[in-house]
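Reviewing the structure listed below.
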Amino acid sequence: MQSLEPGETGPMDRIPLLIAGKAVETREWIDLVEPATGQLYGQVADATSEEVDQAVSAAKNAFVGWSSMPVDERSGLLMRLADLIDRDTERLAQAESKDTGKPLEVARTVDVPRVALNFRFFAGAVQHAEGAFHDMGGEAINYTLRRPRGVAGLISPWNLPLYLLTWKIAPAIATGNTCVCKPSEVSPLSAHLLMGLIEEAGIPAGVVNMVHGRGDRAGAAIIEHPDVPAISFTGSTRAGSWIAQHAGAMLKRYSLELGGKNPNLVFADADLDEAITTSVRAAYSNQGQICLCGSRILVERSVYHEFVERFVERARALQIGDPLDGGTQIGSLIGLDHLEKVDGLVQLARDSGGTIQCGGRRAEAPNDRCAGGAFYEPTVITGLDWGCETEQEEIFGPVVTITPFDDEDQAVQLANCTRYGLASMVWTRDLARAHRVAERVDAGIVWVNCWMLRDLRTPFGGTKQSGVGREGGLEAVRFFTEPKNVCIRKN
Ligand code: NAD
């Protein structure tokens, strides 16, 4: 196999590290398998700690020039990058779909437009950010400088590969940091393409360095590197906990966006048509592999049976298909190992007395091309005890449980009964109830009568074991900058 230049793809891709704008050959490689077909399509570099060290040095070297560039110039380069992403939407969407098994149409209309928006948004945010000033009367004045922290370590998962990685790169570099990125080793292709566009936009070499490889080696080397003072991580709670221990021990700044088991509360007074339509979308978008998916549906008892019946009918009607086909609503899971994990938790639900209302098994391949793909039927489980593992653990697949509740107190109690606290939904026409429940649910995000309506200015992140810190808007700008107060005596 031949190594690719930045931004290049080929029939059998070999994705190298890109450090200071140059491809770096490694000795070790990880096979890349297309989830929808089960076919090997290339390899990605598996960086060693020495190679991570090279990337950190490149980022340190680039920091001096990048952090001192006037903000409007830096902002202009990010805007240019956003335009190039728009221009290359199709190529990026194809890479994203090939790497993850998600429907191409979703990558084209949701993932890639958001990638461009991430850069536009933070290019604008830093232009409009205001500083703080505190006057001590006749005595002194204070003003607060916010300086970039230096080299940021940015680590992201496979489910929304470029969308989530650029949600970190954009604020990090807009505020003047340089970075070492490590996308997931199972979905590195779109990040590799992005590097070509970063170069074309005129962002200097070394500002963004892409290392690939396994989390417990390349990822851990970033976390433990003494010259990486800020870590922004999105991924599992298990890895997040390891990172908190190690980065915390080195007194680094870290932001962790972790797992979820998000409750979706449906009250009897809700617009049921709307609640069912959106709950199906919230359950199965991206094959249920979004941290924000509403996987625990709680329904007031008086409408429970109607809700289950109509929800199951809609879940059964979803079109499982080849990600390349226009009508496909459910593509492939990320791989067969993950499918086994999802199926194992469904089996556990069966063993715990749950009823599988629909799905609960691997789906037939939609065509010959996809014969080795990881397709799973949209699944609904009822009749589970709230304490069982299927109700408590993140499944991260097209699986929901539906449970009845009797009153508002019980709804909130059930909503809060897991170790997670990322997102939640509340369906009701009673405005006072919406306010009450929104306040009582343990979650970083509460959507009332909607799901996934995102304003990039709002804080994004979770409570409890769903994360530490927040991304989005000024929260991200603050995370990537260090405040310094300057006090000047007036006389
Ligand atoms: P993962 O934790 O296995 O891996 C995420 C990234 O971390 C990968 O790049 C991986 O290589 C790296 N990594 C793993 N161990 C590491 C370590 N010890 N040190 C440094 N890096 C390490 O997660 P995944 O399976 O890729 O993604 C799925 C998980 O991500 C789910 O739990 C999901 O809820 C979560 N997620 C959360 C959000 C959010 O915003 N809260 C968004 C998307 C996904």
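Just a few scattered comments:
- Descending by average beta-carbon neighbour count within 10 Å, the peptides 361-374, 136-149 line up as 361-374, 136-149, the highest first.
- Between region 180-257 and region 58-100, the Cα center-to-center distance that results, in Å: 16
- In summary, the aspartates and glutamates within cross-link reach of K252, defined as a Cα separation below 14 angstrom excluding same-chain residues under 8 places away, comprise E224, D227, E482.
- 3J(HN,Hα) along region 161-175, derived from phi through the Karplus expression 6.51 cos²θ - 1.76 cosθ + 1.60 where θ = phi - 60°, amounts to x, 7, 4, 7, 5, 6, 5, 9, 4, 4, x, 5, 7, 4, 8 Hz, with x in place of Gly and Pro.
- Under 5 Å, built H, 5+ apart or other chain: amide partners of N264: R296, I297, L298, M425
- Here the calculated FRET efficiency for E482 and D216, from their Cβ-Cβ distance with R0 = 35 Å, stands at 0.75, rounded to the nearest 0.05.
- Among beta bridges from DSSP that stay inside the chain, the antiparallel ones total about 40%.
- For region 1-151, the share of DSSP beta bridges that are antiparallel, to the nearest 5, is 75%.
- For I381, the amide hydrogen comes within under 5 Å of the amide hydrogens of Q357, V400, T401, I402, counting only partners 5 or more places away or on other chains and with H modelled in the peptide plane.
- Of all beta bridges that DSSP places with both ends in region 356-451, some 25 percent have antiparallel geometry.
- Peptides ranked, highest mean first, by Cβ atoms within 10 Å: ranges 375-388, 281-294: 281-294, 375-388
- The value of relative contact order for the chain, using C-alpha pairs under 8 Å at least six residues apart, is 18 percent.
- Shape call, region 342-420: gyration tensor on alpha carbons, a/c limit 1.5: prolate
- Cross-link table K182/K464; K60/K484; K22/K464; K168/K484; K102/K182; K102/K341, entries beyond 29 Å C-alpha to C-alpha: K22/K464
- Computed 3J(HN,Hα) for region 65-72, one whole-Hz value per residue from the Karplus formula 6.51 cos²θ - 1.76 cosθ + 1.60 where θ = phi - 60°, is x, 5, 6, 9, 5, x, 4, 5, glycine and proline marked x.
- Projected label distance in nm at C358 and Y41, using a 7 Å step from Cα toward the beta-carbon: 2.9
- Under-5 Å amide H pairs with V448, H placed in peptide plane, nonlocal only: V426
- Translational diffusion of the chain, µm² s⁻¹ [Kirkwood Rh, Cα pairs; Stokes-Einstein; 4 °C; 1.567 mPa s]: 55
- The stretch between T463 and D351, if pulled fully straight at 0.36 nm per residue, gains 37.2 nm over its current Cα-Cα span.
- Using alpha-carbon coordinates, inclination of helix 89-100 to the longest axis of the chain, degrees: 60
- Efficiency of FRET between I30 and I141 - r from beta-carbon atoms, R0 45 angstrom, step 0.05: 0.25
- Converting phi to 3J(HN,Hα) with the Karplus coefficients 6.51, -1.76 and 1.60 and the offset θ = phi - 60°, region 140-154 yields 6, 10, 10, 9, 10, 8, 10, 9, x, 7, x, 8, 9, x, 10 Hz in sequence order, with x at every glycine or proline.
Read-outs throughout are calculated quantities, based only on the coordinates presented, and are distinct from any laboratory measurement. Just so it is clear, the model here is predicted, and its values are computed rather than measured. With ideal geometry, Cβ positions are generated from the backbone for all residues, glycine too; neighbour counts draw on all protein chains shown.
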